[in-house]
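Encoded as structure tokens, the structure appears first; notes follow it.
The values are calculated or read from the model by the stated rules, or taken from the named source; none is laboratory data. Just so you know, these numbers come straight off a predicted model, no measurement behind them. With ideal geometry, Cβ positions are generated from the backbone for all residues, glycine too; neighbour counts draw on all protein chains shown.
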Amino acid sequence: MHALLLSVYWTVFVFLSVAVLWSQPWYLVWLVALGANLPSLEIAELTTLFSYTSSWSYLVYMFFWLSYFPLMSSGQNLVLNTTAVLLIFIPALTYALHILGREERRGRRWELS
């Protein structure tokens, strides 16, 4: 059961961090529910980090965009969307790669076996 939950967790994490085109903070409810059922400190930290940085989308799209409209709207909102990706997704993806790399160095792999 643990391997199944872990596989579903990583699938949902990758989907939310890479595949979702318009991410909303409430989408992470599913990830929080899965992460709460896994007995791993790394998963709890990753879930907390991603939930925290995901809430920054309100800061980027509601505050930065309106306060710095000429800068953020340049290049068909390229600056706005780049800022959002850097603040929301990069910290969680970096930490996830750190977790997976550390598990690989320890000789443990998180896989269905």
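When the residues of segment 8-26 are filtered to those that are surrounded by 14 or more Cβ atoms within 10 Å (Cβ to Cβ) and at pLDDT 90 or above, the one that is farthest from Tyr95 (Cα to Cα) is Val8.
Looking only at segment 86-105, filter to residues that are touching a Phe, Trp or Tyr at 6+ places or on another chain (Cβ under 9 Å) and either of a type in the set (Asp, Glu) or not in a helix (DSSP H, G or I) (or both); which one of those is surrounded by the fewest Cβ atoms within 10 Å (Cβ to Cβ)? Looking at residues that are touching a Phe, Trp or Tyr at 6+ places or on another chain (Cβ under 9 Å) and either of a type in the set (Asp, Glu) or not in a helix (DSSP H, G or I) (or both), I get Glu103. Are any of the residues in segment 49-59 within 27 Å of Glu103 (Cβ to Cβ) and touching a Leu at 6+ places or on another chain (Cβ under 6 Å)? Looking through segment 49-59, at least one residue is within 27 Å of Glu103 (Cβ to Cβ) and touching a Leu at 6+ places or on another chain (Cβ under 6 Å). Checked against (1) more than 17 Å from the chain's Cα centre (by Cα); (2) closer than 22 Å to His2 by Cα; (3) polar (S, T, N, Q), Thr47 passes all but a single condition, namely (1). Regarding segment 19-27, can at least one residue be identified that is assigned to a helix (DSSP H, G or I), touching a residue at least 24 places away in the same chain (Cβ under 8 Å) and among the aliphatic types (A, V, I, L, M)? No, every residue in segment 19-27 fails to be assigned to a helix (DSSP H, G or I), touching a residue at least 24 places away in the same chain (Cβ under 8 Å) and among the aliphatic types (A, V, I, L, M). Can you find a residue that is in a helix (DSSP H, G or I) and either under 22 Å from Gly101 (Cβ atoms) or of a type in the set (Lys, Arg) (or both) anywhere in segment 63-74? No, segment 63-74 has no match at all. Among the residues of segment 50-78, those that are over 20 Å from the mean Cα position of the chain (by Cα) and crowded, with 16+ Cβ neighbours inside 10 Å comprise Phe64, Trp65, Met72.
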